[in-house]
Every structure is written in structure tokens, then in C-alpha cells.
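Let me begin by presenting the structure, written as C-alpha cells, before commenting on it.
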Amino acid sequence: MPAAQTPDPRQHAFVQSILATAHSLSANSPNRASTKAQGVGSAPVNIALSKYWGKRDAVLNLPQNGSVSISLPGLGSETQLKPAVAQDSVWLNDQQLDASAPFAKRLSEFLNLFRTAEVPFFEVVTQNSVPTAAGLASSASGYAALVLALDDLFDWQLPMTQLSLLARMGSGSASRSLYPGFAIWHAGQQGDGLDSFAEALDAPWPEFCVGLVEIDVAEKPVGSTAGMQQTTAACALYQAWPAQAERDKAVIIDAIRAQDFSRLGATAEHNALSMHATMIASWPPLLYWQAESVIAMQQVWTLRQQGVEVYFTMDAGPNLKLLFLAAQKKAVSAAFPGLKVIEPFSS
Ligand code: PMV
């Protein structure tokens, strides 16, 4: 029987300090904080408009810079969590994963932070409605849904900012997936990591659209953590990134509040290309793009020259996410057959 591993002491202390809040919250209510038979959680994927790239503390998963995102309703993860006795069992999209599979190993390592005498192991059943690990943020929705399921299972009833802190430990971008609409993840400054969480930016924008251009949905060869390590260790250009990313974040927040789409789109596209420039300029080089990614970028630039206002952003994968307003939906969909369009505020 595989034994659960002891978590890193700093990670353990961080999680315990958050759970202590839950216990003090529940002190007035004796019926709370009891383990249920099952916990459930669901969360959307999110796409960063100004990106997180680089960790200032890899153990506590603290970012070099803050970021802003938009969540995509209808695309994400749904998770059920149950206590188990002998070992963790992990199910992804109706298939049980071997304990040695990277997805299951990463999940079990995260769950090491939450095991109790009563719940030594977990059964995790997750449905992902986006391709896993293809740069479409499945880890963001996955860890946000898992933290919500833990909160439900253990009946912590933690506030959203505390849940965001916990989700951050699974995957940085998961801190933002707890919210619908726009979210801001504050980089924070404290060494203890308790000020690095995401919050909702409540600014509904009914015309705002995101289009997914799926170039390749196979699992990416270099995960984002390894990609960040490679970039921060071996790229002189990276020195300029954290300050630019903070400036872009501020511009995008202003543009969202003012509903200034041109400013938002141009800053988001420039931000994504700047992030990718740091990856390409590391050694060995890190290039997530494929030939078809570049063709799609050029199509976006051609459309803009023709007066169709559309911008793109890209993450750690070859796929493009297009940003446009509803008035341009027809023109953009015509140029990208099969485009999956999400209107985050439409319903
Ligand atoms: O949350 P992670 O560790 O998968 O990193 C996400 C990195 C990017 O998607 C490239 C940028 C972002 O802010 O989501």
C-alpha cells in the first residue's frame, strides 16, 4: 500500500494557518467542521489577459508579478471527493489513472497537505470539459474545483480569498478560477504568502467575447512550472518582465473598468507576446508555438488591418485565444472556421 508522503514543512504551515481560520470561524457553531461523505466543487477555466510567468517562491507558489484574467463559463472542471482507506484513487474523464501518471502524482502531492486521521486518502473523480494540459488552463479549473470540493468535504466554509490562497498552492492560475468574470491575482509581498490571492473584479461586460483557436490539444511537452524555471534561470530578457507585467495589469484593469476594448486588446496581445519573447530568449529555447499558431497570429493581424478589431493571447501551449466584442463575432468566426466562442457575461 503506497504511504502518503509528508508535505514540505513550509507548505504544511501555510495550509495550517489558513485552516486555523476555518476552525476559529467554526468555534461559534458546534455543528460545523465535520467531515461529510462526499465533497463537490466546480470551477471554470480562466484565461489571463496579463500573464503570470515566474515564481518568486517555488515552494509557496508565489508569483513574480500579479495578473488579470477572464473566466470562461461552461468550460472547466467538476470534482467529487470522497474519503478513501488504502490509497488515493484518481479518475479523470471516466478513466482511473495509474498512481504513477503525472496528473495523479501531482494531485496526490497536493492532497498530502490536507490528509487527516479520519481521511488518510481520497477518491477524486474529475470531469474536465477542456483538453487536459494543452495550455487551455485545465489545471486552473481543476485545482479550484478540488479546493471547493475539499471545503465542502471538510465543511470548512472558508471565505473566497482563503480558498484562493489554497488553490494557488495547486496551480498559480487556479487562484483566479474561483471567480466568474474578471479576476485579479495580487502578487503580494509577504514572505508567508498570505497576501498573494485573487479577487473578483466586478465589471460585467456583456459584449466581451473570447474565441478558442485549437491548433493542437495534445499534452504540452514542457509544463508551465518547468517552463518558468527555464525562463527565469536562463533569460536575460526576463529581468524586464515583472515590471512590464505589473504595468500591463494596471492598464488592463483600467481598460476593463472603462470598457476601453482597444486598450485592453492591444495590451493583452503585447503582454502575451512579451511573455513568449522571454521564453524564446532562454537557453535552451522554449517555444510553445507551432507553425499553425503563427499562421493564426498573422490572420489576426490581417483582420485588424481590414478593420475587424480582434486581438489574441496565448499561454503555455500552441493554441490562440481571441479577444473581440460581440459586434465582430460574425467576421471573426468566418475567418476562423470551427472557432469556439464564449461570451462570459452573456447569460
Ligand atoms: O498556473 P500555472 O502554473 O499553470 O501557470 C500559468 C501560466 C500561464 O498560463 C502561461 C499564464 C497565466 O497567468 O495563466
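The values are calculated or read from the model by the stated rules, or taken from the named source; none is laboratory data. The shown structure was predicted, so the numbers you read here are calculated from the model rather than taken from an experiment. Methodologically, a virtual Cβ is constructed for each residue, glycine included, from the backbone with ideal geometry; neighbour enumeration extends over all protein chains shown.
Computed quantities for the displayed model
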item: Count - residues of the range 51-61 that are more than 16 Å from Y143 (Cα to Cα) and more than 8 Å from the ligand (Cβ to nearest atom); result: 6
item: In the range 254-264, the residues that are surrounded by 16 or more Cβ atoms within 10 Å (Cβ to Cβ) and touching a residue at least 40 places away in the same chain (Cβ under 8 Å); result: I256, F261, L264
item: Hits in the range 285-313 - residues which are under 20 Å from I47 (Cβ atoms) and of a type outside the set (A, V, I, L, M, F, W, C); result: Y288, Q290, E292, S293, Q299, R304, E309, Y311, T313
item: Residue identified as within 19 Å of E214 (Cβ to Cβ), assigned to a helix (DSSP H, G or I) and touching a residue at least 40 places away in the same chain (Cβ under 8 Å) among E246, E292; result: E292
item: Which numbered condition S262 fails, given (1) closer than 19 Å to N65 by Cβ; (2) in a helix (DSSP H, G or I); result: (1)
item: Matching entry among V85, V130, V90, V68 (being buried (at least 19 other Cβ atoms within 10 Å of the Cβ), more than 26 Å from W205 (Cβ to Cβ) and of a type outside the set (G, A, S)); result: V90
item: Index of the failed condition, R106 passing every other in (1) buried (at least 18 other Cβ atoms within 10 Å of the Cβ); (2) charged (D, E, K, R); (3) in contact with an Asp or Glu (Cβ under 9 Å, 6 or more places away or on another chain); result: (3)
item: Failed condition for P102, given (1) within 16 Å of the ligand (Cβ to nearest atom); (2) closer than 22 Å to L178 by Cα; result: (2)
item: Criterion violated by A226 - all others in (1) over 30 Å from K55 (Cα atoms); (2) at pLDDT below 95 satisfied; result: (1)
item: Pairs, first at negative phi in the range 23-45, second modelled with pLDDT of 65 or more and among the basic types (K, R), C-beta under 6 Å, six or more apart; result: Q38/K82
item: Per-region count, the range 302-347, residues part of a loop (DSSP other than H, G, I, E, B) and under 27 Å from S177 (Cβ atoms); result: 13
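Conditions (1) within 23 Å of the chain's Cα centre (by Cα); (2) aromatic (F, W, Y); (3) closer than 30 Å to V341 by Cα, marked per residue:
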{"position": "Q80", "(1), (2), (3)": "yes, no, yes"}
{"position": "A86", "(1), (2), (3)": "no, no, no"}
{"position": "A101", "(1), (2), (3)": "yes, no, no"}
{"position": "E109", "(1), (2), (3)": "yes, no, no"}
{"position": "F114", "(1), (2), (3)": "yes, yes, no"}
{"position": "E123", "(1), (2), (3)": "yes, no, no"}
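So that you can scan it fast, the table gives a plain yes or no per residue for (1) farther than 26 Å from N65 by Cβ; (2) surrounded by fewer than 20 Cβ atoms within 10 Å (Cβ to Cβ); (3) free of Cβ contacts under 8 Å to residues at least 60 places away in the same chain:
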residue	(1), (2), (3)
A266	no, yes, yes
S274	no, yes, yes
P285	no, yes, yes
A296	yes, no, no
Q305	yes, yes, yes
L323	no, no, no
